[in-house]
Amino acid sequence: MERIKKVVLAYSGGLDTSIIIPWLKENYEGCEVIAVAADVGQGKELSGLREKAIKTGASKIYIEDLRDDFVNEFVFPTLKAGAVYENQYLLGTSFARPIIAKRIVEIALAEGADAIAHGCTGKGNDQVRFELAIKAFAPKMKIIAPWRIWDIKSREDEIVYAEKRNIPLTINRETNYSKDKNLWHLSHEGLDLEDPANEPDYDAILELGVSPEKAPDAPTYITLSFEKGIPTALDGIKMDGIKLIEKLNELGGANGIGIVDMVENRLVGMKSRGVYETPGGTILYKAHQSLETITLDRDTQHYKQQMVAGRFSELVYYGQWFTPLREALSAFVDETQKCVTGDVKLKLYKGNIILASVTSPYSLYDEEFATFEDDDVYDQADSQGFINLFGLPITVGALKQGK
């Protein structure tokens with residue numbers, strides 16, 4: 001291996017990064033390894049990381065609390081865009097990677113590191129997300145991706161490697177799912193989930209909530225308040241983004257909300273199957289979308305849905321957060337959110353989110369125009385001329401065909 005004096009490792013303490021610290025020291029002679037663990041809401045997964053990193057060979061470890069920036073600079077802009085990858089995935093892992101990578105670059109530059117290392121596999125999306133963010137802030141920084149160069153070929157090989165070096169693991173061969181957890185979601189991949197024909201054993205894998213069958217028989221009502229597209233209160237109580245998402249995860253999880261089982265198209269070309277738990281995020285998307293139905297005009301609403309939301313989701317999924325296009329789309333989205341203010345009441349019941357009411361001081365809904373009763377503001381006879389003009393191309397086409 002080439003000479004590397006100091007490397008900063010994106011460290012989670014999971015299976016991959018647990019063995020990467022000793023691997024780096026074994027394969028890059030005299031290399032100092034600095035671990036960086038980013039707190040984006042993993043909770044108890046961060047406990048014991050400092051001791052574990054040092055015991056396995058790191059010279060030091062940074063544990064960075066990025067939760068506030070994660071929510072306000074990545075989660076909420078994506079929520080406001082209505083971005084959902086392939087109409088199902090709420091991008092939980094995707095938008096966590098850029099903020100983690102950005103902070104790792106800052107530490108690597110401050111430490112005078114020669115390289116940054118990560119534990120992403122050569123089959124996954126995360127390698128792209130990490131490395132594009134690194135290129136955006138340190139384009140000359142060397143990147144070490146062990147999965148692309150070492151002899152280890154499987155998670156089983158990793159476990160054997162760890163056992164030989166007495167590296168403690170929080171998993172075993174039977175529970176060796178590939179997981180990613182943060183404040184927004186929890187993902188599950190691997191083992192029996194690799195075959196789409198297998199129904200997930202939700203009792204075994206769910207951690208943020210229960211299956212709809214095990215949710216209470218009585219509904220839970222909640223009211224969310226938004227200001228310019230940002231959720232600011234739950235049931236009239238002001239909350240910051242972190243506390244709000246945590247509470248919605250609790251309420252949504254208890255009611256079987258936000259479980260997605262999907263086969264998605266990875267950026268690297270293959271299809272993969274995953275189960276995602278996003279209880280709070282699913283509630284927020286439903287509430288935000290409902291509020292937009294009464295606060296956005298038709299053309300803006302349709303353009304945003306058809307042209308912006310899908311493209312925005314691809315940019316996030318593909319790791320292109322730090323790009324001019326994403327920034328431009330966010331600027332457009334922010335403009336659309338100026339009047340997305342109001343309250344949304346929802347009923348949570350056995351995996352369902354049912355709209356109960358939506359109100360806004362900027363509502364474009366006018367009962368006087370929409371009513372089925374008598375009114376003095378709409379002349380129904382006007383619609384005949386509108387239909388004749390709107391349908392003129394159809395009429396002309398039919399006449400030309402001799403109909």
Item to check | Under 17 Å from the Cα of K350 - lysines, other chains or at least 8 residues apart | outcome: K214, K286
Next on the checklist: Testing the spin-label approximation: label points 7 Å from Cα along Cα→Cβ at K123 and T293. State their distance in nm.
Outcome noted: 4.1
Checklist entry - Can you list residues whose amide H is under 5 Å from V84's amide H, if they're 5+ apart or on another chain and H is modeled 1.01 Å from N? => result S313
Checklist entry - How big is D for the range 250-369, in µm² s⁻¹ as a whole number, if Stokes-Einstein is applied with the Kirkwood radius of its Cα pairs at 37 °C and 0.692 mPa s? => result 199
Item to check | Inter-label distance for K153 and A233, nm, one decimal - labels placed 7 Å from Cα along Cα-to-Cβ | outcome: 6.1
Checklist entry - Roughly how big is the range 267-380's charge dipole about its Cα centre, with Cβ charges of +1 (Lys, Arg) and -1 (Asp, Glu), in debye to the nearest 20? => result 1260
Checklist entry - Give or take rounding to whole Å, what are the principal axis extents of the alpha carbon atoms in the range 336-380, in descending order? => result 44, 28, 14
Item to check | Ranked order, T395, T323 - accessible area, probe 1.4 Å, largest first | outcome: T395, T323
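Whole number in Å², please: accessible area per residue of the range 76-137, 1.4 Å probe, ligands, DNA and RNA not counted.
On the way: 1860 Å² over 62 residues.
For the range 76-137, the solvent-accessible area averages 30 Å² per residue.
Over the range 84-135, what percent of the accessible surface lies on carbon and sulfur atoms, probe 1.4 Å?
Its accessible area is 49 percent carbon and sulfur atoms.
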Next on the checklist: I'd like to know which of Y28, Y221, V84 lies farthest towards the positive end of the charge dipole of the chain, counting +1 on Cβ of Lys and Arg and -1 on Cβ of Asp and Glu.
Outcome noted: Y28
Next on the checklist: Could you compute how fast the chain diffuses translationally, taking Rh as the Kirkwood radius over C-alpha pairs and applying Stokes-Einstein at 25 °C with viscosity 0.890 mPa s? Give it in µm² per second.
Outcome noted: 104
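So what is the 222 nm mean residue ellipticity for the chain from helices alone, if each DSSP H run of at least 4 adds -39500 (n - 2.57) and you divide by all residues, rounding to the nearest 500 deg cm²/dmol?
The helix contribution divided over the chain gives -11000 deg cm²/dmol.
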Checklist entry - If you wrap a convex hull around the C-alpha atoms of the range 186-302 and split its volume per residue, what is the figure in Å³? => result 155
Checklist entry - Got a sec? Charge dipole of the range 343-393, +1 on Cβ for Lys and Arg, -1 for Asp and Glu; which of S360, Q380, V344 is way out at the positive end? => result V344
Next on the checklist: Assuming 0.36 nm per residue, please report the length gained on full extension of the stretch Y378 to D240 beyond their Cα-Cα distance.
Outcome noted: 45.3 nm
Checklist entry - Taking the chain as a Gaussian network, Cα atoms linked when under 10 Å apart, which of G13, G30, G256 shows the biggest mean-square fluctuation? => result G30
Checklist outcome for this item: Counting sequence-distant residues (5 or more places) and residues on other chains, those with an amide H built under 5 Å from that of A37 are Y11, Y62, I63, E64
Checklist outcome for this item: Highest GNM mean-square fluctuation among T282, T17, T300, for the chain with Cα springs under 10 Å, belongs to T300
Checklist outcome for this item: Here the longest stretch of the chain that holds no GluC sites (Glu not before Pro) in a DSSP loop having at most 16 other beta carbon atoms within 10 Å is 208-372
Checklist entry - Of the cross-linked pairs K52/K80; K25/K181; K238/K338; K140/K247; K80/K153; K52/K135, which ones have a Cα-Cα span greater than 31 Å in the structure shown? => result K52/K80; K140/K247; K80/K153
Next on the checklist: Over all directions, the average projected area of the alpha-carbon convex hull for the range 308-371 comes to how many nm²?
Outcome noted: 6.9
Next on the checklist: Keeping all protein chains in the complex and leaving out DNA, RNA and ligands, what accessible area do you get for F95 with a 1.4 Å probe, in Å² to the nearest 10?
Outcome noted: 0
Next on the checklist: Taking the 0 to 90 degree range and rounding to the nearest ten, how far is the long axis of helix 324-336 tilted relative to the main principal axis of the chain, both from C-alpha atoms?
Outcome noted: 40
Checklist entry - Which order do M262, M239 take by accessible area at a 1.4 Å probe, largest first? => result M239, M262
Item to check | Computed label-point distance, nm, for sites E327 and F369 using a 7 Å Cα→Cβ extension | outcome: 3.8
Item to check | About the Cα centre, charge dipole magnitude for the range 342-403 (Lys/Arg +1, Asp/Glu -1 at Cβ), debye | outcome: 800
Checklist entry - Direction-averaged shadow area of the convex hull around the Cα atoms of the range 13-121, nm²? => result 7.9
Checklist entry - Against the longest principal axis of the chain, how steep is helix 96-111, in degrees 0 to 90 to the nearest 10, with axes from Cα atoms? => result 40
Next on the checklist: Can you tell me the length gained on complete extension of the stretch E29 to Q88, counting 0.36 nm per residue apart and subtracting the Cα distance?
Outcome noted: 16.7 nm
Checklist entry - Just how far, in whole angstrom, is the range 268-319 from the range 33-93 if you go by their alpha carbon centroids? => result 21
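The values are calculated or read from the model by the stated rules, or taken from the named source; none is laboratory data. This is a predicted model, so every value here is computed, not measured. Here Cβ is always computed from backbone atoms with ideal geometry, including for glycine, and neighbour counts include all displayed protein chains. In case anyone asks, the SASA skips ligands and DNA or RNA and just uses the protein heavy atoms, side chains included. Shrake-Rupley method; radii C 1.70, N 1.55, O 1.52, S 1.80 Å.
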